[in-house]
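This report concerns only the one structure given below.
The values are calculated or read from the model by the stated rules, or taken from the named source; none is laboratory data. On a predicted model such as this, the values are computed, not experimentally measured, just so you know. Note that each Cβ is placed from the backbone with ideal geometry, even for glycine, and that neighbours are counted across all protein chains shown.
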Amino acid sequence: MNVSLSARNIVKHYGGVVALSDGNLDVKSGEVLALIGANGSGKSTLSKVINGVVVLDGGQLLLNEKIVHFSSPQAAKDLGISIVFQELSLIPQMTVAENIWLAREPIITAGVIDKKLVDMKTMELISLFDGTYHTDLRPNTPVSDLPPDERQIVEILKAISFDPEVLILDEATASLDSRQVRRLFELVKQWKEAGKAIIFVSHRMEEIFQIGDRYTVLRNGKTVGSGDIQDINENDLVKLMIAEDSLLTFIRKEKNDRENQQPIFLEINHLRANNLKEISFNVKRGELLGIGGLQGQGQRDLLLSIFGDIPFKGDIKLNGEMVKFRHPRQAMKKGVALVPGDRAKEGLLYIRSILENLILPSWKKYGFPLNIKKSITDAEQIARNLKLIMAGLQEPVSSLSGGNAQKVVIGKWLLQSPQLLLLDDPTKGVDVGTKGEFYTLLSNLCDEGKTILFYSSDDEELLGLCDRIIVLHDGKLHIELSGDNLNKESLIRASLGGTHIGGV
Amino acid sequence: MIKRISWNLLITRYPAFFSTILLIVVLIVNAIVQPNIFKLDTLNGNMRIFLPLILLAVGQTFVMICGGIDISVGGIVSIINTILATQVGLNGSIEQMWKFVLISLLAGMLAGAINGFFIAILRLQPIITTYATGFIYAGFALFLLPNPGGGIPRVAADIYRTTTPLGLPLAFFVIIVVLLIWWYLRSTRYGRFLYAVGGNKESAYQSAVPVTWVILSTYVISGLMAAFAGIAITLLSGSGNAEIGNTMTLSSITAVVIGGTAFSGGIGGVAGPILGSITLGLIQNVISFAQINTWWETLVKALIIVVALAAPGVINLFGRRK
Amino acid sequence: MKKFVISPPIAALTLAIVLFLLSGFLPNGYGSDVDVAIAQATNIVRLAVFLGVIAAGQTLVIISGFEGIDLSAGSVVTLTAILTYTIVSGENSMVIPALLVALVVGGLVGFLNGLGVTFLKISPFVMTLGMSGVVTGTIIVINHGNISGKIAPIMTRTIARPISPDIPIPGAIVIWLIFGVFMWLLLERTTFGKNLFAIGVNRVTAKLSGVNVTWTNIGAYALAGSLTGFGGFLLVGNTGVVFIALGQPYLFPAIAAVAVGGTLLSGGKGSYWGTMAGAIVLTLITSLLTTMQMGEAVRRMVLGATLLALISIYGRQRSLRQ
């Protein structure tokens, strides 16, 4: 097998946001290329482009020196490119064998599937991971019965069953335990030797150095470096991942003064929910606490638990009072507000007017029949405070740009005068100018004595804004950064699960 | 705790389990109320009555596995009944009968294809679409036969009434044929496609399953089964009535629910709905025989349906609470 | 998907006017006689009142989203009409109590619908359809097929006759206008109304913004039942007769009226003015068909096709390929 895949100057935007402006990558037979980048660097977009899931807006893909276009994921598969997702492509109600061989099962007479052959081939695949799975991972087990690590194994088996020339492992080790990862790497070595080209997308430093032959680093949608793994060390890799000069120079002044004087406002003890395995920490009144770490480490579950949207175990104390909110309404009554992570799906009523979105939590204040005039006045006030750019309050919120729509999501809580603000990645997909306005707003709120919990996938933002940052990794509080440790290198390293200089 | 988990597992993994138990219970009650139930004549009589519902429920199953629903089946049954009653008539010949039986099957498939076009290709919502088409179909049946009347040749109805191949009701053989066909389909790629689409449309699409065609085919099958049901019920009643299909839609959905095929698609087989139909039929039998006041009959039948529909929800509710 | 710049209620009203003008050319039409035209127009609107009020409940549940629909409306109309009929028994003094009973009973049925839909997670279509059977069964039990009663003179006076000799507007239309204002207040000037739209658009956002999704949903169904009860009260007050199939013919047109009026069948957007316009359009279509001497069958097919056409324009969903 002899194959080479190149991505040259790939451009991709989603609406107004540029995910990739200059993505480059080269991989050939017999090597493992580690594709590395921080949150928002564009690395998952690049692997989606290579796999045919998204269509590129600019640049070229070259397979064996020839330009290729993918019209669908199937087209990429037909050309020998296979990707392992994070258990996204399985059908839970169907069995392992059914999932792996869907739409290409071998058949005997009259269209009947050759079940024996299917089972045999599935067993062959499963045996690749012999000794690393706990339950009975058999061809006829429904996928819904499997724990996440074994579902991931099925995903891997499915991808490899196509006998691809190029295999993309996109964060495929996230759900696997160490034994399974070891086995996967043994298999990767075998596949390498058989002539496959492997792209390994990951944020785990240890694994990158274990398995990678070469590396490519993405930052802010551009490829900023590539070379042989043996020629670089962890420090330098991290340096490549961080922006040297940022567009953002916002720093909160006088953070340190306030830190020691205020009482504790929020106390979290042994909180457990979904992805959040166990966390305890305190927040002082008027503090802007940052929550860092890569996506999916439990940050969202933390915020949702405090807000009362999901069930959780553990204790929460608000202003000295024990609380256990079962519904966001209860949290609202105690002065808690949540700006959710996906504004289209969770933060806005897309087809309704800006006015209705802004006043949604607060209609009760306007009596019966609703005093619409007053609501308009109040809404206009909020819009002015936030410098909202809109055609009019009656326009649907879908007419707003990303940044302004996000202002509406925050704006609707300002009328409620919350004491604790929970923000789930509020500046995602927001332009730089609006971001600046947000930072000023949040800063002012803290000065007024409001407490803010702020999760962001943008590391600079966290560093510039927050008094302290707690970094979550694998559902736990990995490290707390403050004072001198509040720098980019420590943050990135902590996010990747590494140790850092000084700290908790 | 462990007991409850396995109960839940049982229901989801073997949907026919719950319905089998229910069927046995109802059978026993039936035997008490109508002691000669297992005699061939009664059995035959009962099965003939249940057969149209069984056929409808099977068709509905295909649609539901893929996450859809077909509210127009009642209308299709009515059309088939009116076609046969008007075109063949009481004095028709057996050849005419066969001819129009075939035409009916095609009509059913066409009606299903129309449904499938709107749902699979135009991507409209199944409930409201089949509600609208059902109304159109019912109207068409009324158009063909404004007043109850017409019929099919006595001979044909008699054959249906009295045929007992190998001493067993005709309906048994139909069920066996249906089960065989289902068993065959299950073992082909098409069978896997059905469950894939029902389980997760997007994943199925990513795995090169022809989702649109699969969904369309389920509606065509439902239409075809509705046509068979229409033929069966015409053979049963011997006459024509444009309103004949009206109550059958809800019954078919109830039968599928009793049989355990979840509304959200992705699980279930054909055995469950078949058992569900028989159970529903037996329940209605019990009611007739229990000599409940005629005035109460409608209400009791309706309550049974609501209870049957509510049962999975109630079980789930308690499952979730614990 | 085309986007209409004119608001749907106005579009519907325009359609109604156009249809009406065209109807003048028909053999039985008003030709060029303005007086007759006005009389006919008034009559159409008067007939539309009852459909319009019955469609009010439908409007609420459809706005609430999640495939909301109320198929029990037809039988609730009949039930409340019969209850009114029996309670009033010709006495003016019993009119208010009868009205209250109608509202409460309708609300109770709606409340049960709401419970099933929200807590048992039964699809609204199936739940309300099943409930419809239960209500019909209850009607039979209550009345033993024998309905005796009488409406009070004041009802006929208020509903069926013009409000005063000088103003030739039937009382029903005035009642409808007041009702329309009430519905507008409910939907646009109460927290409940705002919450209703919110859950119709996006239940996650609504919950995260503090809306009690569960009880808003149940409230929608309960209120819908009450409003439908009011419809039954008005209906019997107009005609003075009841029979078992009184309400059923209004069910499908009610749903179609809501759709014609621009309320999205997916929920979250709409208005009662639109439903009113839609009710007029549908009454017009029905009356035109009657004038052209097309029977019930054609009426059904045309209504079904109208709804189908509407959802084809307004109701298409996302495709699988992005």
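Is region A:39-50 home to any residue that is within 14 Å of chain B (Cβ to nearest Cβ), free of Cβ contacts under 8 Å to residues at least 60 places away in the same chain and within 26 Å of the chain's Cα centre (by Cα)?
Within region A:39-50, the first condition is being within 14 Å of chain B (Cβ to nearest Cβ), and the residues that meet it are A:48.
Restricting the remaining residues to those that are free of Cβ contacts under 8 Å to residues at least 60 places away in the same chain gives A:48.
Applying the additional criterion that residues be within 26 Å of the chain's Cα centre (by Cα) yields A:48.
Within region A:39-50, one or more residues are within 14 Å of chain B (Cβ to nearest Cβ), free of Cβ contacts under 8 Å to residues at least 60 places away in the same chain and within 26 Å of the chain's Cα centre (by Cα).
From the set of residues in region A:225-239 that are buried (at least 18 other Cβ atoms within 10 Å of the Cβ) and in contact with a helix residue (DSSP H, G or I) (Cβ under 7 Å, 6 or more places away or on another chain), which is farthest from residue A:203 (Cα to Cα)?
A:229
Any residue in region A:99-124 that's more than 8 Å from every other protein chain (Cβ to nearest Cβ) and touching a residue at least 12 places away in the same chain (Cβ under 8 Å): show its pairings with residues that are hydroxyl-bearing (Ser, Thr, Tyr) and outside any loop (DSSP other than H, G, I, E, B) at Cβ separation under 7 Å, as long as the two are six or more apart or on different chains.
Taking only residues 6 or more apart or on different chains, the pairs are A:100/A:122.
Just the residues that are of a type in the set (D, E, K, R) and under 19 Å from the mean Cα position of the chain (by Cα), please, taken from region A:175-221.
Of all residues in region A:175-221, those of a type in the set (D, E, K, R) come to A:177, A:179, A:182-183, A:186, A:189, A:192-193, A:196, A:204, A:206-207, A:213-214, A:219.
Scanning region A:175-221 gives A:204, A:219.
If you go through region C:254-265 one residue at a time, do you hit one that is crowded, with 22+ Cβ neighbours inside 10 Å and either at positive phi or in contact with a Phe, Trp or Tyr (Cβ under 6 Å, 6 or more places away or on another chain) (or both)?
yes
Mind listing whichever residues of region A:474-486 are surrounded by fewer than 19 Cβ atoms within 10 Å (Cβ to Cβ) and either in a strand (DSSP E or B) or touching a strand residue (DSSP E or B) at 6+ places or on another chain (Cβ under 8 Å) (or both)? Give the derivation first.
Here is the first cut: in region A:474-486, the residues surrounded by fewer than 19 Cβ atoms within 10 Å (Cβ to Cβ) are A:474, A:476, A:480, A:482-484, A:486.
Residues satisfying the conditions are A:474, A:476, A:480, A:482, A:486.
Do we have residue A:417 as among the polar types (S, T, N, Q) and assigned to a loop (DSSP other than H, G, I, E, B) here?
Details: among the polar types (S, T, N, Q): yes; assigned to a loop (DSSP other than H, G, I, E, B): yes.
Taking the combined requirement at face value, the residue satisfies it.
Suppose the filter is among the hydrophobic types (A, V, I, L, M, F, W, C), closer than 15 Å to residue C:59 by Cβ and without any contact (Cβ under 8 Å) to a residue 60 or more places away in the chain; does residue C:192 pass it?
Working: among the hydrophobic types (A, V, I, L, M, F, W, C): yes; closer than 15 Å to residue C:59 by Cβ: yes; without any contact (Cβ under 8 Å) to a residue 60 or more places away in the chain: yes.
Here the answer is yes, as residue C:192 does meet what is asked.
Tell me which residues, restricted to region A:133-170, are outside any strand (DSSP E or B), among the acidic types (Asp, Glu), touching a residue at least 24 places away in the same chain (Cβ under 8 Å) and out of contact with any Gly (no Cβ under 9 Å at 6 or more places or on another chain).
A:149, A:155 - these are the residues of region A:133-170 that are outside any strand (DSSP E or B), among the acidic types (Asp, Glu), touching a residue at least 24 places away in the same chain (Cβ under 8 Å) and out of contact with any Gly (no Cβ under 9 Å at 6 or more places or on another chain).
Return yes when residue A:440 is β-branched (Val, Ile, Thr), in a helix (DSSP H, G or I), out of contact with any strand residue (DSSP E or B) (no Cβ under 6 Å at 6 or more places or on another chain) and surrounded by fewer than 18 Cβ atoms within 10 Å (Cβ to Cβ) and no when it is not.
On the way: β-branched (Val, Ile, Thr): yes; in a helix (DSSP H, G or I): yes; out of contact with any strand residue (DSSP E or B) (no Cβ under 6 Å at 6 or more places or on another chain): yes; surrounded by fewer than 18 Cβ atoms within 10 Å (Cβ to Cβ): yes.
For residue A:440, the condition - β-branched (Val, Ile, Thr), in a helix (DSSP H, G or I), out of contact with any strand residue (DSSP E or B) (no Cβ under 6 Å at 6 or more places or on another chain) and surrounded by fewer than 18 Cβ atoms within 10 Å (Cβ to Cβ) - is met.
Would you check if residue C:49 is at pLDDT 95 or above, of a type in the set (Val, Ile, Thr), assigned to a helix (DSSP H, G or I) and closer than 18 Å to residue C:183 by Cβ? Spell out how you get there, then give the answer.
On the way: at pLDDT 95 or above: no; of a type in the set (Val, Ile, Thr): yes; assigned to a helix (DSSP H, G or I): yes; closer than 18 Å to residue C:183 by Cβ: yes.
Considered against the rule, which asks whether it is at pLDDT 95 or above, of a type in the set (Val, Ile, Thr), assigned to a helix (DSSP H, G or I) and closer than 18 Å to residue C:183 by Cβ, residue C:49 comes out as no.
Output yes when any residue across region C:241-254 is part of a helix (DSSP H, G or I) and free of Cβ contacts under 8 Å to residues at least 60 places away in the same chain, and no when none is.
Here is the first cut: in region C:241-254, the residues part of a helix (DSSP H, G or I) are C:248-254.
Right, trim to free of Cβ contacts under 8 Å to residues at least 60 places away in the same chain and you get C:252.
Scanning region C:241-254 turns up at least one residue that is part of a helix (DSSP H, G or I) and free of Cβ contacts under 8 Å to residues at least 60 places away in the same chain.
Might you check whether a residue that is touching a Phe, Trp or Tyr at 6+ places or on another chain (Cβ under 6 Å), in a helix (DSSP H, G or I), buried (at least 21 other Cβ atoms within 10 Å of the Cβ) and at pLDDT below 95 occurs anywhere in region C:202-223? Write out each step before concluding.
Filtering region C:202-223 down to residues touching a Phe, Trp or Tyr at 6+ places or on another chain (Cβ under 6 Å) leaves C:222.
After this cut, where a residue has to be in a helix (DSSP H, G or I) as well, the list is C:222.
Narrowing the set further to residues that are buried (at least 21 other Cβ atoms within 10 Å of the Cβ) leaves C:222.
Filter again for at pLDDT below 95, leaving none.
No.
Given (1) crowded, with 16+ Cβ neighbours inside 10 Å; (2) more than 8 Å from chain C (Cβ to nearest Cβ); (3) free of Cβ contacts under 8 Å to residues at least 12 places away in the same chain; (4) not hydroxyl-bearing (Ser, Thr, Tyr), where does residue A:297 come up short, assuming only one miss?
(3)
Within region B:122-198, considering only helices (runs of 4 or more DSSP H) that don't extend past its boundaries, which have at least 2 residues that are within 14 Å of chain C (Cβ to nearest Cβ) and either over 19 Å from residue B:221 (Cβ atoms) or modelled with pLDDT of 90 or more (or both)?
On the way: elements: B:126-144, B:154-162, B:170-186.
Qualifying helices (runs of 4 or more DSSP H): B:126-144.
Test residue C:211 against the stated conditions and say whether it is closer than 28 Å to residue C:17 by Cβ and either among the polar types (S, T, N, Q) or without any contact (Cβ under 8 Å) to a residue 40 or more places away in the chain (or both). Walk me through it before giving the result.
On the way: closer than 28 Å to residue C:17 by Cβ: no; either among the polar types (S, T, N, Q) or without any contact (Cβ under 8 Å) to a residue 40 or more places away in the chain (or both): yes.
It is false that residue C:211 is closer than 28 Å to residue C:17 by Cβ and either among the polar types (S, T, N, Q) or without any contact (Cβ under 8 Å) to a residue 40 or more places away in the chain (or both).
Residues A:21, A:41: which one is small (Gly, Ala, Ser) and either over 30 Å from residue A:493 (Cα atoms) or buried (at least 19 other Cβ atoms within 10 Å of the Cβ) (or both)?
Details: A:21 fails: either over 30 Å from residue A:493 (Cα atoms) or buried (at least 19 other Cβ atoms within 10 Å of the Cβ) (or both).
Going through A:21, A:41 in turn, just one is small (Gly, Ala, Ser) and either over 30 Å from residue A:493 (Cα atoms) or buried (at least 19 other Cβ atoms within 10 Å of the Cβ) (or both): A:41.
Given the condition hydroxyl-bearing (Ser, Thr, Tyr), without any contact (Cβ under 8 Å) to a residue 12 or more places away in the chain and more than 10 Å from every other protein chain (Cβ to nearest Cβ), answer yes or no: does some residue in region C:278-289 qualify? Break it down into steps so the answer makes sense when it comes.
At the first step, the residues of region C:278-289 found to be hydroxyl-bearing (Ser, Thr, Tyr) are C:283, C:286-287.
Among the residues that remain, those that are also without any contact (Cβ under 8 Å) to a residue 12 or more places away in the chain are: none.
Checking region C:278-289: not a single residue is hydroxyl-bearing (Ser, Thr, Tyr), without any contact (Cβ under 8 Å) to a residue 12 or more places away in the chain and more than 10 Å from every other protein chain (Cβ to nearest Cβ).
Output the helices (runs of 4 or more DSSP H) that fall wholly within region B:246-322 and possess 1 or more residues being more than 29 Å from residue B:227 (Cα to Cα), among the small types (Gly, Ala, Ser) and modelled with pLDDT under 80, or say none. Let's see the steps before the verdict.
Working: elements: B:248-259, B:271-289, B:294-321.
Passing ranges, in order: B:294-321.
Which one of these does residue C:41 not meet: (1) under 20 Å from residue C:173 (Cα atoms); (2) in contact (Cβ under 8 Å) with a residue 60 or more places away in the chain?
Against the list (1) under 20 Å from residue C:173 (Cα atoms); (2) in contact (Cβ under 8 Å) with a residue 60 or more places away in the chain, residue C:41 comes up short only on (2).
In region A:343-387, what count of residues is obtained for those that are crowded, with 22+ Cβ neighbours inside 10 Å and not in a helix (DSSP H, G or I)?
Qualifying residue count for the region: 3.
Where residues in region A:145-202 are of a type in the set (Ser, Thr, Tyr) and more than 20 Å from residue A:36 (Cα to Cα), which of them is surrounded by the fewest Cβ atoms within 10 Å (Cβ to Cβ)? Lay out the reasoning, then the answer.
Residues of region A:145-202 of a type in the set (Ser, Thr, Tyr): A:161, A:173, A:175, A:178, A:202.
Pick out the ones that are also more than 20 Å from residue A:36 (Cα to Cα) and you get A:161, A:178.
Numbers: A:161: 16, A:178: 9.
The selected residue is A:178.
Scan region A:471-504 for residues that are among the β-branched types (Val, Ile, Thr), at pLDDT 80 or above and under 17 Å from the mean Cα position of the chain (by Cα) and report the count.
1
Suppose we filter B:185, B:224, B:275, B:216 for residues that are in contact with a Gly (Cβ under 6 Å, 6 or more places away or on another chain) and without any contact (Cβ under 8 Å) to a residue 12 or more places away in the chain; which single one remains? Explain how you work it out, then say what you get.
On the way: B:224 fails: without any contact (Cβ under 8 Å) to a residue 12 or more places away in the chain; B:275 fails: without any contact (Cβ under 8 Å) to a residue 12 or more places away in the chain; B:216 fails: without any contact (Cβ under 8 Å) to a residue 12 or more places away in the chain.
Result: B:185 is the single residue among B:185, B:224, B:275, B:216 that is in contact with a Gly (Cβ under 6 Å, 6 or more places away or on another chain) and without any contact (Cβ under 8 Å) to a residue 12 or more places away in the chain.
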